[in-house]
């Protein structure tokens with residue numbers, strides 16, 4: 001099967017001029033300017049199969065939006081190449097434009113002064129969708145996203161959540177094969193986010209659309225994406241599943257044990273052995289918190305329940321903000337090694353080998 | 001043949017959308033529209049009075065032109081200005097705005113030619129239709145039918161030249177989303193519209209009349225002093241330059257906002 005998206009050594013530079021301080025510098029800059037080149041994307045390689053839902057993760061300025069813009073044909077690469085559905089995006093061929101769609105959380109393609117239904121109808125003709133097909137599609141999407149009551153309201157009077165739902169509908173009217181989502185949940189409340197997640201997940205499963213999602217919100221990625229690409233400082237530093245990323249960045253799970261009596265010395269020793277020196281603390285007399293390596297989590301928990309006076313046990317949820325923080329440090333070349341924990345570095349090596 | 005028919009159908013649909021969306025947008029600023037249209041009518045009336053007074057004061061010989069020529073010039077200028085400004089207003093303002101806000105990102109990846117896409121935005125039809133109605137109406141009213149077509153044709157060509165000139169002049173400003181209709185080169189040229197006739201030996205007036213040169217040339221074609229083919233060729237040259245400017249602009253678009 002041909003990949004839907006193929007990226008080889010993709011690079012993008014921006015040329016910016018430095019603005020110095022003062023009136024004299026401003027006058028001087030009219031005649032001669034000092035330019036500098038910013039390497040926004042520095043040779044990224046990856047490929048995405050049709051029907052994959054891929055999360056594109058990275059801190060501000062990492063190069064994810066620039067990459068997305070190159071993949072959608074808005075920007076031309078400085079070097080390297082990318083192919084989307086067999087097309088070179090920057091040529092912006094009609095067939096390519098009809099096969100993709102773009103949603104940007106901070107921009108709108110809805111007509112501001114008019115109700116969303118006008119933009120839906122305009123897009124029907126822009127993308128040459130037959131009227132019957134359009135009607136059916138809009139009806140379905142409107143029902144799924146529950147926006148029928150706002151179809152006649154001018155866009156400028158809609159809430160952010162309602163507007164984003166309409167943006168999603170506009171982008172899906174022509175049934176794109178590839179959908180680029182750039183921070184679609186930015187500024188949305190939890191309920192709207194959840195509604196959008198459910199919709200996107202169901203839609204992608206049903207239509208098998210290839211979707212690339214960039215987001216700062218790890219929850220977006222966790223709820224939607226089967227695969228994660230992490231970029232930092234213009235380079236791809238991780239390509240794999242979210243589970244692997246969690247394992248990589250949080251190799252231990254924390255459990256809290258409620259005890260019905262204090263631990264004996266022998267039980268404390270057993271706890272040391274079980275947690276393999278990865279650590280446990282006793283914040284209260286009848287409470288223990290232990291860090292357990294993920295690889296033998298279930299066997300250790302079983303052992304704890306069997307050998308310790310446990311009344312209750314709770315496992316801490318994955319802290320996605322920590323996963324994100326750690327993953328943003330994943331730049332094997334540029335980020336100072338001292339910022340990486342030694343265990344983390346070791347696991348990074350192991351997982352890379354496993355993947356290879 | 002089927003492909004051509006489908007393309008023509010598509011363009012027609014887009015043009016009809018341009019009109020539909022334009023009218024739909026009026027609903028938002030009804031009071032503004034009413035006020036502006038009244039002021040446009042008053043301006044046209046004032047210009048008409050100025051032309052008539054200038055002609056009367058010159059004793060019936062206005063730089064070698066007859067009364068009919070002057071009225072035809074006035075009508076051609078109104079019609080051309082109206083046609084051109086419809087596009088100019090939408091083109092410069094909306095395009096610059098779209099670049100500035102980043103909406104242009106969507107435009108470049110939509111399967112429609114950029115010129116057509118711009119027309120779907122807020123074109124200046126709402127502001128300048130009185131020019132078109134009065135200019136066109138005057139030509140039909142005062143000229144014999146055999147001359148009306150030539151007058152309409154030169155007016156359209158003059159409008160095309162103006163649109164081309166505007167694109168050439170404004171592209172650098174649009175590229176950075178900085179176009180402001182109240183400043184810049186085109187505003188300077190626009191002021192020259194206060195001088196109704198560009199045909200004079202006065203150097204200053206020649207310079208100032210750059211903005212109405214195309215209308216003077218249109219009159220020359222209408223009165224038989226300039227060949228239509230030459231005028232048409234000039235329009236083609238300017239439109240070609242404008243097309244290259246636009247092409248350069250789209251290729252160099254760097255999507256400034258993220």
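Students often get this wrong: which residues of the stretch A:1-27 have the backbone nitrogen under 15 Å from the point 7 angstrom along Cα-to-C-beta of residue A:60? The answer is none. Label sites at residue B:237 and residue A:93, each approximated as a point 7 angstrom past Cα along Cα to Cβ, lie 3.8 nm apart. Principal axis analysis of the Cα atoms in the stretch A:251-315 yields extents of 29, 21, 21 Å, listed in decreasing size.
Please give the average number of partner chain Cβ atoms lying within 10 Å of the Cβ of each residue in B:106-119, rounded to a whole number.
Values: counts 11, 2, 8, 13, 10, 13, 6, 1, 0, 0, 1, 1, 0, 0.
Average neighbour count from other chains, rounded to a whole number: 5.
Measure nothing fancy, just the Cα-based angle from helix A:190-207's long axis to the longest principal axis of chain A, in degrees from 0 to 90, nearest 10. So the inclination is approximately 70 degrees. Convex hull volume per residue, computed on the Cα atoms of the stretch A:75-184, equals 109 Å³. Each stretch of four or more DSSP H residues adds -39500 (n - 2.57); spread over every residue of chain A, this sum gives -11500 deg cm²/dmol at 222 nm. Computed packing ranks the peptides A:3-9, A:214-220 as A:214-220, A:3-9, most packed first, by mean other Cβ atoms within 10 Å. For residue A:148 and residue A:317, what is the calculated FRET efficiency with R₀ set at 45 Å and r taken between the beta-carbons, to the nearest 0.05? Between residue A:148 and residue A:317 the formula returns 0.80. Using only alpha carbons, the stretch A:1-137 has a radius of gyration to Kirkwood radius ratio (Rg to Rh) of 1.09. Annotation for the stretch B:100-140 versus the stretch A:259-276: alpha-carbon center distance of 78 Å.
Compare A:74, A:44, A:221 in a GNM of chain A, Cα atoms joined below 10 Å, and give the one with the largest fluctuation. Taking springs between Cα atoms under 10 Å, the residue moving most is A:74.
Using r as the Cβ-Cβ distance of residue A:133 and residue A:190, and R0 as 25 Å, what FRET efficiency do you calculate, to the nearest 0.05? Write down the numbers at each step before the final one.
Working: r = 34 Å, r/R0 = 1.37.
Efficiency, from the Cβ-Cβ distance: 0.15.
With 10 Å bins from zero, work out the P(r) of the protein assembly as shown over every alpha carbon pair and list the percent per bin. The distribution over the protein assembly as shown is 3, 13, 19, 19, 16, 12, 8, 5, 3, 2, 1, 0, 0, given as percents.
Tilt of helix A:265-274 relative to the longest C-alpha principal axis of chain A, in degrees (0 to 90, nearest 10)? With rounding to tens, the tilt is 40 degrees. For the stretch B:5-164, the Kirkwood hydrodynamic radius from C-alpha pairs, put into Stokes-Einstein at 37 °C and a viscosity of 0.692 mPa s, yields a diffusion coefficient of 186 µm² per second.
Within 10 Å of the Cβ of each residue in B:91-103, the mean number of Cβ atoms contributed by other protein chains is 1.
Working from label points 7 Å from Cα in the Cα-to-Cβ sense, the residue A:258 to residue A:16 distance is 5.3 nm. Hey, could you get me the Stokes-Einstein D for the stretch A:17-88, Kirkwood radius over alpha-carbon pairs, 37 °C and 0.692 mPa s, rounded to whole µm² s⁻¹? Value of D from the Cα-based Kirkwood radius: 214 µm²/s. If R0 equals 35 Å, the separation of the Cβ atoms of residue A:298 and residue A:175 corresponds to a calculated FRET efficiency of about 0.20.
The share of Cα pairs per 20 Å bin across chain A, counted from zero up to the longest distance, runs 25, 45, 25, 5, 0 percent. Model label sites at residue B:7 and residue B:113, defined 7 Å from Cα along the beta-carbon direction, differ in position by 0.8 nm.
Counting Cβ atoms of other protein chains within 10 Å of each Cβ in A:125-134 and taking the mean gives 3.
In chain A, the longest principal axis of the Cα atoms and the axis of helix A:116-126 are about 70 degrees apart.
The residues B:238, B:37, when put in order of fewest to most other Cβ atoms within 10 Å, stand as B:37, B:238. Which whole-number percent of Cα pairs in the stretch A:82-131 have a distance greater than 17 Å? For the stretch A:82-131, the fraction of Cα-Cα distances above 17 Å is 50 percent. Between the stretch A:1-51 and the stretch A:160-181, what is the C-alpha centre distance in whole Å? Measuring centre to centre over Cα atoms gives 28 Å.
Values quoted throughout were computed directly from the atomic coordinates according to the rules given, and no laboratory measurement underlies them. Computed from a prediction, not measured in an experiment: that's the story for all the values here. Virtual Cβ from ideal backbone geometry, glycine too; neighbours counted across all protein chains shown.
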